[in-house]
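Structure, as structure tokens:
The values are calculated or read from the model by the stated rules, or taken from the named source; none is laboratory data. All figures in this text were calculated on a predicted structure; none of them were measured in a lab. Quick reminder, even Gly has a Cβ in these numbers, built from the backbone with ideal geometry, and neighbours come from all protein chains shown. For the accessible areas, the whole protein counts, side chains as well, though only heavy atoms, and no ligand, DNA or RNA atoms are used. Shrake-Rupley method; radii C 1.70, N 1.55, O 1.52, S 1.80 Å.
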Amino acid sequence: FAFRNISEQIAVGDFRKTPIQAEACRVMKQQTHTALEGGSRSGKTFITIYSMICRGLQVPSRHLAARFRFNHAKTALAMDTIPKVFELCFPSLPYHLNKSDWFFEWPTQRGGTSELWLGGLDEKERTEKVLGHEYSSIFTNECSQLSYDAILMLQTRLAERTGLPL
């Protein structure tokens, strides 16, 4: 898959950010930690996944979207939101879902691939799987379900050296 430049690729789909989504993207670029608020179906998860895919388009990198229960990450993110973001925002970008390890993979602008892993923190084995990698970005979906200790543990994995701001 060849890119002309990243802004051309991003503009291919029918998706256009609302002013609030544009502001969320601006804030996420400038901050190390960002909490988005809004009602159900307001687009918080969609714009955060969009932002992570955009980051992954720049350089080969690994990203994590985690929830307390892995099954919720699988059904809400892997089977709904993430494919919608790819299809609406990046319709010509090929991607693959690895259902063995539960991560999405797509080509980057500079060659190589990026990954968006799904994680659950509800069982020791799943938490250890998350701890086995370093990430360029971490998204805690429905973070109010996670303990502060879980957030601190996740932050230790925000350590991938790709040139992207962590």
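With springs only between Cα atoms under 10 Å apart, run a GNM on the chain and tell me which of Ala73, Ala150, Ala65 wobbles the most. Among Ala73, Ala150, Ala65, the largest GNM mean-square fluctuation belongs to Ala150.
With protein chains left intact and a 1.4 Å probe, residues in the chain average 55 Å² of accessible area per residue. In the range 74-166, taking the dipole from charged Cβ atoms about the Cα centre, the farthest positive-side position among Ala76, Thr127, Phe103 is held by Phe103. A DSSP coil position with no more than 16 other Cβ atoms inside 10 Å describes the following GluC sites (Glu not before Pro) in the range 56-147: Glu123, Glu134, Glu142. Per DSSP helix of 4 or more residues, -39500 (n - 2.57); summed, then divided by the residues of the chain. What does that give at 222 nm, rounded to the nearest 500? Counting only the DSSP helices, I get -9500 deg cm²/dmol. Taking the protein heavy atoms of the range 61-111 in the context of the full set of protein chains, the accessible area attributed to carbon and sulfur is 48 percent at 1.4 Å. Less than 5 angstrom separates the built amide H of Ser114 from those of Ser61, Trp106, Thr108, all sequence-distant by 5 or more or on a different chain.
What length, rounded to one decimal in nm, is gained on full extension from Lys29 through to Ser100, with 0.36 nm per residue of separation minus their alpha-carbon distance? Between Lys29 and Ser100, full extension yields 22.4 nm more. Among Ser51, Ser92, Ser144, the sequence by solvent-accessible area, most first, with a 1.4 Å probe is Ser144, Ser92, Ser51.
Rounding to the nearest 10 and keeping the result within 0 to 90°, find how far the Cα-based axis of helix 19-30 lies from the longest principal axis of the chain. Roughly 70 degrees, rounded to the nearest 10. List the lysines whose alpha-carbon lies under 25 Å from that of Lys99, not counting same-chain residues fewer than 8 positions away? List returned: Lys44, Lys74, Lys84, Lys124, Lys129.
Dipole check for the range 10-166: with +1 at the C-beta of Lys and Arg, -1 at the C-beta of Asp and Glu, and the Cα centre as origin, the magnitude is about 300 Debye.
Across the protein chains, with a 1.4 Å probe defining accessible surface, the residues Phe70, Phe90 rank Phe70, Phe90 from largest area downward. Placing His96, His63, His72, His33 in order of accessible area, with the largest value first and a 1.4 Å probe, yields His33, His96, His72, His63.
With respect to the chain, whose longest principal axis is taken over its alpha-carbon atoms, helix 44-58 is tilted by about 70°.
Determine the gain in length on full extension of the stretch Leu36-Glu128; use 0.36 nm per residue of separation and subtract their C-alpha separation, reporting nm with one decimal.
Values: separation 92, 0.36 × 92 = 33.12 nm, distance 2.71 nm.
Separation in residues times 0.36 nm, less the Cα-Cα distance, equals 30.4 nm.
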